[in-house]
Amino acid sequence: MVTTPDTSVAARAKYEPVIGLEVHVQLLTATKIFCSCSTRFGDPPNTNVCPVCLGLPGALPVLNRKVVEFAVLAATALNCRINETSIFARKNYFYPDLPKGYQISQYDRPLAEQGFIQIPARSGVKKIGITRLHLEEDAGKSLHEGFADSAEKTAIDLNRSGVPLIEIVSEPDITSPEEAYEYLTRLKEIILYTGVSDCNMEEGSLRCDANVSVRPRGQKEFGTKTEVKNVNSFRFIREALEYEIERQIGVIESGGKITQETRLYNSNEGKTYGMRSKEQAHDYRYFPEPDLLPLVMDEKWRAEIRKTLPELPETRRKRMISEYGITEYDAQVLTLTKVLADQFEAAAKAAKNSKRVANLVQSELMGRLKVKGLEIEHSPISMFGVAMSADLVESGAISGKMLKDLYDLCFQRGKDFPAVYEEEGRPEQSRDTSALEKIIDEVIAANPKQLEQYRAGKKTVMGFFVGQVMRASKGQANPQLVNDLLAKKLEG
Ligand SMILES: [Zn+2]
């Protein structure tokens, strides 16, 4: 629930929000960024540690090549320019879960710069700039609860210390909470497609901090910004920004001043709270990391990585729309995850008629999912099931009507198409010519005028007869068979 401070609509219209997002993404390498410890999530505390990630004196960091390649892949997907030389820097601050007393990051010479993401906007498409993408190591984790002495002491788990991160900083191009939400959704989608991270927000693989300020519309200078930290879902970020924008406008309108500070969002109350000021005073005293050489990426290496870039969601959607004749909306749904899009395309290609698979997804699957309120990932009918059913219709084994009935049964029973098709005894539409011939004879006898027209050369009347026979058979007849038999009888 968002509770917004009471600011009038007129007051709100006078101001323009400016939002910048900083997103930390954990890279899916097996080992840490500067040592060979495992990055596995959920292991017993302090089991994946060594002198390097414990920050013991004399231990030297060695850069993980895979981390660099993953970061470059992500940066390329985000349209960034990859700098040939980037420099690691020490970001000095003290925190109990940062054993070295500094974090190895990148400062004035980051890995990549000047990228962008396109988001849907009212005017069509809006480009949100990406200022920089840099590499850094994660800190450990402070555990304030769960132990017998948690009331007096804080426990530290350093398994996460040295886990590789990329930080992606946006330009202050975002002007509404909705745009922030879209930007994050697209960003996550692109990163997932590259496969360099699982972007799992519950496990902290994707974290977002938001800077937000407001200024009178038309003013060039930015207002004083606040930073909202520790928000663990995109929806909450949108809510936190909505609250924060209203709060700032309220403060300014009542003659107050915005204090530059870090604020925390309480999702239960839908409010942000300022943190104690002593935790905000940062002077990082960055300086180049003396234990690591500059990272130099020649064009050959960058080109090799570029070659591994998969087709990205936006391009894929455009191609799928033209290749399978599906709608923009369906392309959106079918590319929700790379796995789903791969499954759909595999099914479409394996089936005898790929357009029929696309049509079935649009006409029969989506509608039923919507009625049940299910996301496509939880569909009882898999893409393989859709392909199989499409082939059965294609070959004339089952009718469109039978397919609908079988799909209904799949949803009732929560089972995939092949299973239900077996359970129903592999039903086939009627190929019993004697029963069908009887229907055809009746239809012809009941329509002497149309028969006369047909025999006089008006062959288009055929369609009328097919329709009549299909109706009389309650949609159970095989259309091909109906056509063949009708042609024979009508010729007399
Ligand atoms: Zn280690």
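Suppose we filter the range 448-489 for residues that are in a helix (DSSP H, G or I) and either of a type in the set (K, R) or under 53 Å from the mean Cα position of the chain (by Cα) (or both); how many remain? Residues flagged as in a helix (DSSP H, G or I) and either of a type in the set (K, R) or under 53 Å from the mean Cα position of the chain (by Cα) (or both) within the range 448-489 amount to 25. Residue pairs, Cβ under 9 Å, 6 or more apart or interchain, first in the range 22-35 and at negative phi and among the acidic types (D, E), second part of a strand (DSSP E or B) and surrounded by 24 or more Cβ atoms within 10 Å (Cβ to Cβ). List them. The qualifying pairs are E22/I168; E22/S170; E22/C208; E22/A210. Is it true that A74 is among the aliphatic types (A, V, I, L, M) and either open to solvent by 80 Å² or more (accessible area, probe 1.4 Å) or near the ligand (Cβ under 9 Å from one of its atoms) (or both)? No: the conditions fail for A74.
For the range 324-411, please list each of the helices (runs of 4 or more DSSP H) lying entirely inside it that holds at least 2 residues being surrounded by 14 or more Cβ atoms within 10 Å (Cβ to Cβ) and in contact with a Gly (Cβ under 9 Å, 6 or more places away or on another chain).
Working: elements: 328-334, 338-350, 354-360, 366-372, 383-394.
Fully inside the range 324-411 and qualifying: 338-350, 354-360.
When you scan the range 256-276, how many residues do you find that are aliphatic (A, V, I, L, M) and under 33 Å from the mean Cα position of the chain (by Cα)?
Narrowing the range 256-276 to residues aliphatic (A, V, I, L, M): 258, 264, 275.
Then drop every residue that is not under 33 Å from the mean Cα position of the chain (by Cα), which leaves 264, 275.
Count: 2.
N211 meets the conditions (1) open to solvent by 50 Å² or more (accessible area, probe 1.4 Å); (2) at negative phi; (3) part of a strand (DSSP E or B) in every case but one. The failed one is (1).
Inspection of the range 18-32 identifies at least one residue that is farther than 24 Å from L111 by Cα, in contact with a strand residue (DSSP E or B) (Cβ under 8 Å, 6 or more places away or on another chain) and away from the ligand (no atom under 15 Å from the Cβ).
In the range 58-71, which residue that is of a type in the set (G, A, S) and within 15 Å of the ligand (Cβ to nearest atom) is nearest to S142 (Cα to Cα)? Break it down stepwise before answering.
Narrowing the range 58-71 to residues of a type in the set (G, A, S): 58-59, 71.
Subsequent filtering for residues that are within 15 Å of the ligand (Cβ to nearest atom) retains 58-59.
On the way: G58: 25, A59: 23 Å.
Here the answer is A59.
The residue that is least open to solvent (accessible area, probe 1.4 Å), among those in the range 423-447 that are in contact (Cβ under 8 Å) with a residue 24 or more places away in the chain and within 50 Å of the chain's Cα centre (by Cα), is Q429.
Are there strands (runs of 3 or more DSSP E) fully within the range 128-177 with at least 1 residues that are touching a residue at least 60 places away in the same chain (Cβ under 8 Å), buried (at least 18 other Cβ atoms within 10 Å of the Cβ) and within 16 Å of the ligand (Cβ to nearest atom)? List them. Full working, then the answer.
On the way: elements: 141-143, 155-157, 164-170.
Qualifying strands (runs of 3 or more DSSP E): 155-157, 164-170.
Determine whether the range 316-332 contains at least one residue that is in contact (Cβ under 8 Å) with a residue 24 or more places away in the chain, hydrophobic (A, V, I, L, M, F, W, C) and over 30 Å from G58 (Cα atoms). Yes, that holds for at least one residue. For the range 84-100, the condition holds for no residue, the condition being that it is away from the ligand (no atom under 16 Å from the Cβ) and within 27 Å of the chain's Cα centre (by Cα).
Within the range 46-102, restricting attention to residues that are without any contact (Cβ under 8 Å) to a residue 24 or more places away in the chain and of a type outside the set (A, V, I, L, M, F, W, C), the residue that is nearest to W301 (Cα to Cα) is R65.
For beta carbons closer than 8 Å, sequence separation of 6+ or different chains, a first residue in the range 364-377 that is farther than 16 Å from I326 by Cβ and a second that is in a helix (DSSP H, G or I) and among the charged types (D, E, K, R), the qualifying pairs are R368/D408. If I filter the range 39-57 for residues that are within 19 Å of S197 (Cα to Cα), of a type in the set (G, A, S) and within 15 Å of the ligand (Cβ to nearest atom), do I get at least one hit? Scanning the range 39-57, I find no residue that is within 19 Å of S197 (Cα to Cα), of a type in the set (G, A, S) and within 15 Å of the ligand (Cβ to nearest atom), so the answer is no.
The values are calculated or read from the model by the stated rules, or taken from the named source; none is laboratory data. Small disclaimer: the values here were computed from a predicted structure and weren't measured. Reconstructed Cβ throughout: ideal geometry from the backbone, glycine too, with neighbour counts over all protein chains shown. For accessibility, only protein heavy atoms count, side chains too; no ligands or nucleic acids. Shrake-Rupley method; radii C 1.70, N 1.55, O 1.52, S 1.80 Å.
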